[in-house]
Structures are given as structure tokens and as C-alpha cells.
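Worksheet: the structure to be examined is printed underneath.
The values are calculated or read from the model by the stated rules, or taken from the named source; none is laboratory data. Just so it is clear, the structure is predicted and the values come from calculations on it, not from any experiment. Every residue, glycine as well, gets a Cβ built from its backbone with ideal geometry; the counts of neighbours run over all protein chains shown.
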Amino acid sequence: MKLGEIAKRLGCRLEGEAAMDISGVAGMESAQAGQLSFVANRRYLRQLRTTRAAAVIIGEEVSLEPRPGLPGLAALRSQNPYLDFARAIELFYLPPRYAPGVHPTAVVAASAQIGAGAHIGPYCYVDDGVEIGRNAVLHSFVAIYRGARIGDDFFAHAHAVVREGCLVGNRVILQNGVVVGGDGFGFAKQSDGRWYKMPQCGITVIEDDVEIQANACIDRATVGETRIRRGAKLDDLVLVGHASKVGEDTLLCGQVGLAGSTVVGNRCILAGQVGAAGHLSIGDAAVITSQSGVPNDVPAGAVYSGYPSVENKQWLRTTAALNRLPELQKTVRELQAEVARLRGKAGAASS
């Protein structure tokens, strides 16, 4: 594809030869002649001097310097290089397509309603009363339990599960091993110390345009519902506890855990290994940094860190003080010794 055509499709301003042939896309380090790359993070700007890419997607503020021994770089000037690189990938990469039909090894209940264009792959199981919309893909070993209702353009990778009665919207993607609507972790302690399992009779609701990455689990509610709202993205190994709510366009990164009845607002980011204690609220557009523990409510728009999580600036000050603790201990010991010396000297003088 010609570089000028790529610039036109992406809406980028071209600096370079429009007739240049581009064969594909690659990262800065691995790119070869004829390939398109990008820079969205300033820490990688130095690689502009060494990359073998033919062209790069970069911001308007980035300057391209001469490259001794290497040809000059063409540039596609972008307001959002990361987004435009994602769109560029789509110009060259065609995902696998799956022909409509039901594989002979799949089991589909007679009462299930499957929309036009659906692909039901090997060893899939679709139970009684299930409704699935148009153009669904159930790759292989996918299980859809009784009474689940799923919208159009659903894609479930191998070993994904949607449990009984759960609701899934349009254009939802479940990566390998996702479990939607598994039993919530609810047990009541008996007088003899044993645990009595609480029936988990609620459901899980997944709204439109949600993607859930591999081996994540969205538990059903004990009563009522657990809900993942439109456009939310959940990373690998995320756990959403029973009756929790996750807001629109919120990101839950790898190994995030939400205990039951946690409410996360819209457009939040919970970075890797964040844990929320449950029965609390995290406000819209809040950011919780990696490995933080959240025991209490977080206000909208806040950035919280640490355990117990506090406002990020306070956490940075606390961390800085902690790093100086050995020095402070030494200073305290020296001051204590000096005080003891002065007291001894004063005592000797008074006697």
C-alpha cells in the first residue's frame, strides 16, 4: 500500500514521498525497510535515530533529525499516534473468518435460538432456552448455559463459559477461559464453624462493546445482578465479585480483584494487581495505580496509590520519606548520643 493512501485513510499529515510502498507495520526495534512504525511514548524517541522503518507515525511536536548512514524517515503526523497505529494495523492484518454453520461435534439444544451467520465450532455446548444473535462465533469447547441471552457479533474463544440466565450485549468478546456468571463467593458461617453455601440466584449482565481477556471471572450476584457496563475492558485474570458494578469505558488491568458489591465508576483505570475491599465506591475517572489496596471510597477524578490507598501525591511523599528512613535513624541515634553526652557533662558540672 502506498504511504499516501495510508495517510489519507488515517487522516494524518504526510511528510515524505506519497508513492512509497509500505508492506506492513512493526515496532521500532524490529521494523525493516518498507515498514511503518510509530512513537507514542517519549522514552522511545531515541529509536528514531536507529530504526530501519521507512516511515513512522508521530506527534506534531516531534522533530526528525538527520540519521547518518541511514535513509531519512517519512512521517505521518498524528494527534494520537497510538490510536492511528492501531488503525494502521487493521489496514494490513485480516483476522480469521469463520464460516456459518454448526460443527458435527457441537451440541445445540433444540430450543436454542441461534441468529443468522453464526459459527458453532467443535465441542461447543448450547443449552436449552439460549438466545444468540447474528454472526456469533463460538470457537471451540465454548459452553453457553441454560437461558443465557447473547446479542449480535458475539465472539467467544476456546473454553469461554456463559452461565445460566446471564445477559450479554452486542459485540462482546470473551477471550480464552473467561467465565461469565460463575457462582459468587458467598458462604455463611454456622454455629459448628462449618460454612453454609449461599445460593447464588442472581445473574451477570455484560453490556455492549465489552471485551474480557483470558481467564477472567465475572461472578453472578447472590441476588440481583453483577453488571459490566458498555465499553469496559477487563484484562487477564481479573475477578469481579458478586453484585459489583463496573462503569462505562473503565479499564481493569491484569489481576485486579473487586470484592463483592464494589462499584467502579465510568472511565476509571485500575492498574495491575489493584484490590478493592468490597462494599465501596470508586468515582468516575479515578485512577488507582499498580498494587494498591482500596479499603474505602475513592472520590471522582482522584489518583490513589499504596496500601491503604491514599491520594497519589501523599503516597509519593510517604515513599520518599520511607526511602530516607535509614538516614533518619542514624541521625536520631547521633542526636540521642549528643543529648546523653551533654546531660552527662551538665551533671558533672553541677556536682
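What about residue 252, is it modelled with pLDDT of 95 or more, hydrophobic (A, V, I, L, M, F, W, C) and under 18 Å from residue 175 (Cα atoms)? Give the steps one after another, and end with the answer.
Numbers: modelled with pLDDT of 95 or more: yes; hydrophobic (A, V, I, L, M, F, W, C): yes; under 18 Å from residue 175 (Cα atoms): yes.
Judged against the criteria, residue 252 is a match.
Could you run through the range 78-96 and say how many residues are farther than 11 Å from residue 36 by Cα and either of a type outside the set (D, E, K, R) or out of contact with any Leu (no Cβ under 8 Å at 6 or more places or on another chain) (or both)?
Of the range 78-96, the ones farther than 11 Å from residue 36 by Cα are 78-84, 86-87, 90-91, 93-96.
Subset that is either of a type outside the set (D, E, K, R) or out of contact with any Leu (no Cβ under 8 Å at 6 or more places or on another chain) (or both): 78-83, 86, 90-91, 93-96.
Of the residues in that region, 13 qualify.
Where strands (runs of 3 or more DSSP E) sit wholly within the range 96-211, those with at least 3 residues that are within 21 Å of residue 225 (Cα to Cα), among the hydrophobic types (A, V, I, L, M, F, W, C) and at pLDDT 95 or above occupy 203-206. Considered as a group, the residues in the range 24-78 that are of a type in the set (Ser, Thr, Tyr) and loosely packed, with under 13 Cβ neighbours inside 10 Å include one that is modelled with the lowest pLDDT, and that residue is 63.
Residues checked against (1) out of contact with any strand residue (DSSP E or B) (no Cβ under 7 Å at 6 or more places or on another chain); (2) closer than 12 Å to residue 166 by Cα; (3) not assigned by TED's automatic domain parsing to the domain that holds residue 176:
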site: 188; (1), (2), (3): no, no, no
site: 194; (1), (2), (3): yes, no, no
site: 201; (1), (2), (3): yes, yes, no
site: 208; (1), (2), (3): yes, no, no
site: 217; (1), (2), (3): no, no, no
site: 226; (1), (2), (3): no, yes, no
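Please determine, by comparing only the residues of the range 179-197 that are touching a Lys or Arg at 6+ places or on another chain (Cβ under 9 Å) and among the aromatic types (Phe, Trp, Tyr), which one is nearest to residue 212 (Cα to Cα). Please lay out each step first, then the result.
Narrowing the range 179-197 to residues touching a Lys or Arg at 6+ places or on another chain (Cβ under 9 Å): 179-184, 186-188, 195-196.
Cutting the leftovers down to among the aromatic types (Phe, Trp, Tyr) gives us 187, 195-196.
Working: 187: 27, 195: 31, 196: 31 Å.
By that ranking, first place goes to 187.
For every residue, the table says whether it meets (1) charged (D, E, K, R); (2) touching an Asp or Glu at 6+ places or on another chain (Cβ under 7 Å).
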position	(1), (2)
4	no, no
23	no, no
34	no, yes
41	no, no
57	no, yes
82	no, no
87	yes, no
96	no, no
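Can you confirm whether the range 90-107 contains a residue that is touching a Phe, Trp or Tyr at 6+ places or on another chain (Cβ under 8 Å) and closer than 27 Å to residue 220 by Cβ? Yes, the conditions are met somewhere in the range 90-107.
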